[in-house]
Each structure stands twice: as C-alpha cells, then as structure tokens.
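Heads up, the thing below is written out as structure tokens.
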C-alpha cells in the first residue's frame, strides 16, 4: 500500500513538473539560447518520464485515452511521443540538443520571438551497430517517428500535445487528483478537450519505451 501511494505521489508531481515546464516554454525568448536549450531538454525529460511511467503502470488507461482520439490525431500523438523518446536517447550520448532544434525563419509570425516557434530539424539516421538487433529495431522505429511527426513541427505544438495527452491520461488513471489535478490542468499548454475521453478499447501492443 505504501509503495503504491508513493508511486502515485511521484507520478503526480512528475505530471505537474512536466506541465509547468511546458507552460514556461512560451516565456523564453529566442535570444536566450542557453536557457532555451536547457528548458527544451527539461521538457523532453519530463514528457518521456511521465509517458514511460503511465505505460508501465496504467497501460489500459493509456491505451483507452489514446484510442479515444480519431485515427489521424492518434497517429500524431503516438508519433510525437515516440519521436521524443528518440531525442531523449540521443542527447547527452551521441548528440547535442542543438542538433535537433532550430529557430523559425524570421518574419513568419509573432511567435518566432519565442522558442515555441522553433522547429525540430530533420536528423541523420543514427548509427545503431553497437546495439542488439531488438534494440536496433526499437531505436529505428523511434527515429522514423521523429522524422515523420517531429521534424518540421514547432516546439510549442509538439510539447503542447504531449503534455495535454499525458495529463489527461494521468487524471483518468486516478494518478493525479485534487489540487495536483488542478495544477496540472492549469499548467497544460493546450486544451485537453481536444483529446476525447476513452470509450473502452482493448490494449494495443506497446514496446520499446
């Protein structure tokens, strides 16, 4: 009982930290590059931590919320989360975060003054030879998701969608309740109403998280 309560509390605070980090992204100006990269890296960390925890401990709810979206939205959400796992695995090991993001072209909108207007770059195929065959397959799937669902999209869009989905999933799992749920919802950077409630679906296969 104690371990379960401690795990739920840790997840709740992780969800709040993720949402608050995503909310801080629009506050950072593009000229503050060191701070911008640090905050984007923090957002990658929190999103992937919350995602992995929900998949491991609340897989049925996770799949239900995901399946509650229409097929195109579901593919986009799944692809964004998978692509962020690719970024997490590469930064600090084989690449720098600056190799994955770039400022938007000047003059294409007011949002370009903030880092939410930055976009994910296309990335070269990773060197996977040192990995076991199964790990190679997982990492290549993450890479393809990154190219298809992150590259060319803005920081604001990708983190907004990821945070909204994960916050809603945690709330439906009962892992974020009371004041914690209110704090996470207030911090979530895009409307959760865009993500429909699940109608009850069998668990789809999830692997490589």
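The values are calculated or read from the model by the stated rules, or taken from the named source; none is laboratory data. Note that the structure is a prediction, hence the values are computed from the model and not measured. Don't worry about glycine lacking a Cβ; one is built from the backbone with ideal geometry, like all the others, and counts go over all protein chains shown.
When restricted to residues that are surrounded by fewer than 19 Cβ atoms within 10 Å (Cβ to Cβ) and touching a residue at least 40 places away in the same chain (Cβ under 8 Å), segment 46-55 contains 2.
Quick check: is even one residue across segment 141-159 at pLDDT below 95, over 26 Å from residue 27 (Cα atoms) and in contact with a helix residue (DSSP H, G or I) (Cβ under 8 Å, 6 or more places away or on another chain)? No - not one qualifying residue is present in segment 141-159. Can you pull out the residues in segment 112-140 that are buried (at least 16 other Cβ atoms within 10 Å of the Cβ) and closer than 26 Å to residue 30 by Cβ? Matches in segment 112-140: 112, 114, 115, 116, 117, 118, 119, 120, 123.
In the condition set (1) at pLDDT below 85; (2) assigned to a loop (DSSP other than H, G, I, E, B), residue 185 is compliant with all but (2).
Can we say residue 106 is modelled with pLDDT of 90 or more, exposed (fewer than 14 other Cβ atoms within 10 Å of the Cβ) and not in a helix (DSSP H, G or I)? Steps first, please.
Numbers: modelled with pLDDT of 90 or more: no; exposed (fewer than 14 other Cβ atoms within 10 Å of the Cβ): yes; not in a helix (DSSP H, G or I): yes.
Here the answer is no, as residue 106 does not meet what is asked.
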